[in-house]
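Read through the structure below, which is laid out as structure tokens, and then see the notes.
The values are calculated or read from the model by the stated rules, or taken from the named source; none is laboratory data. Being a predicted model, the structure only gives us computed values, none of them experimental. In this analysis, Cβ positions are derived from the backbone assuming ideal geometry, glycine residues included, and neighbour counts consider all displayed protein chains.
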Amino acid sequence: MNILYGHIDNDYRSYHGITVNEQQCRVHLQGTVKDNLLDREERQNTLDTLRALQQETGFNASDELIADIQALENEQLELQQFRVGEAYAEVVLEEAFVCRFHWNENRDARNPKGNKTGADLVGFIEVDGQVLFLFGEVKTSSETANRPPQVMTSSDGIEKQLRDLYDDRAKRQILITYLLSKMRHYPEGHPFKADYNASFRAYYSNNCQFQLIGVLVRDVAHDHRDVSVSYNRLSQHILEPNGIKLLALYLPIQKEEWQTIINEPIE
């Protein structure tokens with residue numbers, strides 16, 4: 001990944017514009033981004049369970065069982081572009097910013113076309129050796145008429161969403177409880193539990209630290225105003241010791257092509 005521009009106040013507070021080349025973008029879309037969108041680990045576990053039932057001696061498999069196995073074996077996806085943006089944001093944060101999302105939120109979906117509740121990004125970030133709760137928002141936009149684009153500045157844009165996460169203690173408590181409920185799925189010694197416990201202690205210490213992140217996914221030419229203007233406003237509202245990071249991710253492939261590339265067979 002290449003840094004196009006940036007500004008750093010400290011390890012917890014900064015903005016950056018980054019990009020990847022076309023080959024890297026294709027590798028991400030067909031690899032880790034698709035794995036995220038499929039929730040490949042959980043998908044494979046379900047498929048293994050259904051296949052074992054199908055092969056069980058004396059079990060009369062129903063048409064529904066066969067149909068569900070075939071559906072899970074088919075990895076062709078019909079996707080909304082903002083979903084791809086959210087998945088790509090998680091991949092980049094994990095690869096380049098020491099963030100961890102142990103639980104794939106697709107497992108919580110009741111409606112595959114519904115919006116996530118609470119926040120787009122809920123996980124952990126390691127900064128200067130300290131692990132903190134990470135709460136964040138992701139938007140995808142090709143707009144060039146305004147810099148920053150309206151998905152940053154509108155009434156439901158990233159600026160407003162991050163201010164709400166900072167101001168609304170009850171909203172953060174819901175997200176922390178959500179993470180606690182997922183932690184119980186893992187055995188003792190799992191990294192999720194270590195991350196949660198460290199973040200929990202940091203959050204409830206005298207400093208009450210947590211990290212807010214906004215990610216803007218773009219398929220247009222880069223411009224520092226995409227995030228610098230919003231960062232200047234947010235950094236005056238979201239006060240230290242809490243962290244605020246804004247990231248603009250510029251992809252060299254137009255968003256209308258993302259689904260086709262994701263569904264292409266890998267040679």
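If we scan segment 96-113, do we find a residue that is in a helix (DSSP H, G or I), out of contact with any Gly (no Cβ under 7 Å at 6 or more places or on another chain), hydrophobic (A, V, I, L, M, F, W, C) and crowded, with 16+ Cβ neighbours inside 10 Å?
In the first step, residues of segment 96-113 are kept if they are in a helix (DSSP H, G or I); the result is 96, 105-108.
Add one more test, that the residue is out of contact with any Gly (no Cβ under 7 Å at 6 or more places or on another chain), and what stays is 96, 105-108.
Narrowing further to those that are hydrophobic (A, V, I, L, M, F, W, C): 96.
From the residues that got through so far, the ones that are crowded, with 16+ Cβ neighbours inside 10 Å too are none.
No, there is no match, as no residue in segment 96-113 is in a helix (DSSP H, G or I), out of contact with any Gly (no Cβ under 7 Å at 6 or more places or on another chain), hydrophobic (A, V, I, L, M, F, W, C) and crowded, with 16+ Cβ neighbours inside 10 Å.
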- Looking only at residues in segment 205-253 that are under 21 Å from Arg163 (Cβ atoms) and among the acidic types (Asp, Glu), which one is surrounded by the most Cβ atoms within 10 Å (Cβ to Cβ)? Asp226
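Find the helices (runs of 4 or more DSSP H) located wholly in segment 1-61 whose residues include 1 or more that are free of Cβ contacts under 8 Å to residues at least 60 places away in the same chain and in contact with a Lys or Arg (Cβ under 9 Å, 6 or more places away or on another chain), and list them. Working first, answer last.
On the way: elements: 22-30, 32-38, 40-55.
Helices (runs of 4 or more DSSP H) meeting the threshold: 40-55.
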- With the first residue restricted to segment 75-88 and required to be surrounded by fewer than 13 Cβ atoms within 10 Å (Cβ to Cβ), and the second required to be in a helix (DSSP H, G or I) and not small (Gly, Ala, Ser), Cβ contacts under 6 Å at 6 or more apart or on different chains are Gln76/Asn263
- Among the residues of segment 2-34, write down those that are surrounded by 15 or more Cβ atoms within 10 Å (Cβ to Cβ), polar (S, T, N, Q) and within 28 Å of Leu79 (Cβ to Cβ). Thr19, Gln30, Thr32
- Might you let me know whether segment 113-126 holds any residue that is modelled with pLDDT under 95, more than 22 Å from Gln209 (Cβ to Cβ) and of a type in the set (A, V, I, L, M, F, W, C)? no
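Criterion first (part of a loop (DSSP other than H, G, I, E, B), farther than 18 Å from Gln259 by Cα and without any contact (Cβ under 8 Å) to a residue 12 or more places away in the chain) does Gly118 satisfy it? Give the steps one after another, and end with the answer.
Details: part of a loop (DSSP other than H, G, I, E, B): yes; farther than 18 Å from Gln259 by Cα: yes; without any contact (Cβ under 8 Å) to a residue 12 or more places away in the chain: no.
It is false that Gly118 is part of a loop (DSSP other than H, G, I, E, B), farther than 18 Å from Gln259 by Cα and without any contact (Cβ under 8 Å) to a residue 12 or more places away in the chain.
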- Does at least one position in segment 242-262 carry a residue that is closer than 17 Å to Phe101 by Cβ and of a type in the set (Asp, Glu)? no
- Item | Test: residue in segment 132-140 that is among the polar types (S, T, N, Q) and modelled with pLDDT of 95 or more | yes
- Within segment 140-160, the residues that are surrounded by fewer than 20 Cβ atoms within 10 Å (Cβ to Cβ) and either over 20 Å from the mean Cα position of the chain (by Cα) or in a helix (DSSP H, G or I) (or both) are Glu143, Thr144, Ala145, Asn146, Arg147, Gln150, Thr153, Ser154, Ser155, Lys160
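Report, by residue number, each residue of segment 62-74 that is modelled with pLDDT of 80 or more and part of a loop (DSSP other than H, G, I, E, B). Walk me through it before giving the result.
At the first step, the residues of segment 62-74 found to be modelled with pLDDT of 80 or more are 62-70, 72.
Within segment 62-74, just Ser62 meets the criteria.
Out of all the residues in segment 209-263, which are part of a strand (DSSP E or B) and among the aromatic types (Phe, Trp, Tyr)? Give the derivation first.
Step one: of segment 209-263, the residues part of a strand (DSSP E or B) are 211-218, 243-250.
Across segment 209-263, the qualifying residue is only Tyr250.
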- Task: Give me a count of the residues in segment 165-175 that are in contact with a helix residue (DSSP H, G or I) (Cβ under 8 Å, 6 or more places away or on another chain) and surrounded by fewer than 14 Cβ atoms within 10 Å (Cβ to Cβ).
- Result: 0
- So which residues in segment 236-267 are closer than 17 Å to Phe135 by Cβ and over 22 Å from the mean Cα position of the chain (by Cα)? His237, Leu239, Glu240, Pro241
